[in-house]
Every structure is written in structure tokens, then in C-alpha cells.
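A.B. asks: First, the structure itself, so that you have it in front of you.
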Amino acid sequence: MFESIRGKILDSRRIVFVTGAGISQESGIPTFRGKDGLWKNYDVMQLATIEAFYDHPKLVWEWYNERRKNIFSTEPNLGHRAISELEKFVKVTVLTQNIDGLHQRAGSTEVLELHGSIVEIKCTNCNFKSEILSEFTRIPPLCQCGNILRPNVVWFGESLPQDVWQKSIIHASTCDMMIVVGTSLVVSPANTLPIYAKQNNATIIEINPVETAMSSYMDLSIRGTSALILPEFVSIFKE
């Protein structure tokens, strides 16, 4: 399936992955937009804005507590592990829209989390920030300063962390190959990353079971899951 660009793959020195909810879905984490997605039984605006958080902190935290329990009980799949294994052969950077930390758990060493991390918790008032892997028994949880804690994720209406975004642009603009995995590329500004790569004449590959809005923009678009396709990609470097 990669035969048409095999030479470009082997010549690659800097590969950037742009990953979305699809790769984590294969580990058992529901997507937001699929028919069985996380938004299915909820109003998005009740759960994922700062206004909703302050209006209904208990409701929002109960939902995020369940999400955290689900994420902590899952394991990286073959797609995550293939991306990590690729570091043995070439420089790899992961730009992920996911907040679950599965890339890091799989062993990837350079991961930029565009939308933050559900593992990391921060205070709504002071500078407290820490990775917390345990379930919260008090809802909503409070910081030692007395204010409410929140997941360190990017909610609708909030800006991406600018240091992460600027680094992501640099990586996208300097790679010679970009592989877009499991994302519909409808969320801005993450969906502009392939444009930065294209401006650098990078080869762009899409791996997704379904066609996306940017499939025609790709040099190669493969219909399949990351757990199935990415190990095949890594095997090219082993031959």
C-alpha cells in the first residue's frame, strides 16, 4: 500500500504525526463525533466550556472523572506502539489532539499535546499544576488554596497553549513527511498543520477508515485503522 512513495519514506529524516481521536478509539476510548461518541448523551455546551464549568462544576467533574477512569484503564494499541518504534529509525514528533497520554505511555519521546492533558490537573486561580492519576473522591476537587481544580484541557472557546502551538507550527513547517492519523481535520487550528507541511514540500499521508475533508489534499490516503496500517509502515524501515 506504500509502494508508490516507498522511496520518499526511506529518504525521510523528520516525520511528524498528527493524531486524533481515531487512534485512541482503537484502545477503547470513544470519539467525540462518532455514532457512539462521547457527546452522544450530553450537550457539549454543558460540559466543555469554562462558562459551563463555573455554572455546573459538579456535573462537569463527574463526567471528566468517568473519562479519566476510562482512559486510565486502557492501554496503547499497535498504532501508538508503531509510532514509538519508528523512533529507532528516524526523527519522530507527535502532534496530538488527544488528551489521554497514550502516546507517552507507548514510549514516544517527543509529544506535543495541542488540546492539553486530562492527566494533568491545574488550579483555576493559583499556579498549582500536577499530573494526578487517582480518581477524585470529592467532586469538584479543590486546590490547597481553596479554589476549584480543573482538567488541564482546552475547552471550546479557549485558545491552544501558545508555546505548544508555535512549536507545532515549526515541526510541521520543517518535516519532510507528515502522517495524519485518525483525525477528521475539522477542528481549527490543528487542521492547518498539513498546510504548513505542504508549504515545505513534505509528503503527506492520511490513515483513516473513512474519507475526510482533506483526503484529496494528501499525497497518499489509506483507508484503514492505525493499528493495522502503522506496523506495516514501520516494517519498511526494517527490510
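The values are calculated or read from the model by the stated rules, or taken from the named source; none is laboratory data. What you are looking at is a predicted structure, and each value in this text was computed from that prediction instead of being measured. As a convention, Cβ positions derive from the backbone with ideal geometry for all residues, glycine included, and neighbour counts pool all protein chains shown.
A.B. asks: Quick check on my filter: what residues within the stretch 211-239 are touching a strand residue (DSSP E or B) at 6+ places or on another chain (Cβ under 9 Å) and of a type in the set (D, E, K, R)?
C.D. replies: Glu211, Asp219, Arg223
A.B. asks: Of the residues in the stretch 85-101, how many are among the basic types (Lys, Arg) and outside any helix (DSSP H, G or I)?
C.D. replies: Adding up the residues that qualify gives 1.
A.B. asks: Could you tell me which residue of the stretch 150-184 is modelled with the lowest pLDDT, considering only residues that are of a type in the set (D, E, K, R) and under 25 Å from Gln25 (Cα atoms)?
C.D. replies: Top of the filtered list is Glu158.
A.B. asks: Considering only residues that are closer than 19 Å to Gly79 by Cβ and not aliphatic (A, V, I, L, M), look in the stretch 176-193 and name the one that is surrounded by the fewest Cβ atoms within 10 Å (Cβ to Cβ).
C.D. replies: The selected residue is Ser184.
A.B. asks: Okay, next question. Go through the stretch 55-86 residue by residue and tally those that are surrounded by fewer than 14 Cβ atoms within 10 Å (Cβ to Cβ) and in contact with a helix residue (DSSP H, G or I) (Cβ under 9 Å, 6 or more places away or on another chain).
C.D. replies: Qualifying residue count, the stretch 55-86: 2.
A.B. asks: Still on this structure: Looking at the structure I just gave you, is Val180 under 15 Å from Gln97 (Cβ atoms), in contact with a Ser or Thr (Cβ under 9 Å, 6 or more places away or on another chain), part of a strand (DSSP E or B) and in the same structural domain as Gln97 (by TED's automatic domain parsing)?
C.D. replies: Yes, satisfied.
A.B. asks: For the stretch 126-164, which positions are of a type in the set (S, T, N, Q), part of a loop (DSSP other than H, G, I, E, B) and surrounded by fewer than 13 Cβ atoms within 10 Å (Cβ to Cβ)?
C.D. replies: Asn127, Ser134, Thr137, Gln144, Ser159
A.B. asks: Within the stretch 102-125, identify whether any single residue is in a loop (DSSP other than H, G, I, E, B) and basic (Lys, Arg), and answer yes or no.
C.D. replies: No, because not a single residue in the stretch 102-125 is in a loop (DSSP other than H, G, I, E, B) and basic (Lys, Arg).
A.B. asks: Considering the stretch 196-212 alone, what residues qualify as being in contact with a helix residue (DSSP H, G or I) (Cβ under 8 Å, 6 or more places away or on another chain) and either without any contact (Cβ under 8 Å) to a residue 12 or more places away in the chain or surrounded by fewer than 13 Cβ atoms within 10 Å (Cβ to Cβ) (or both)?
C.D. replies: Passing the criteria: only Gln199.
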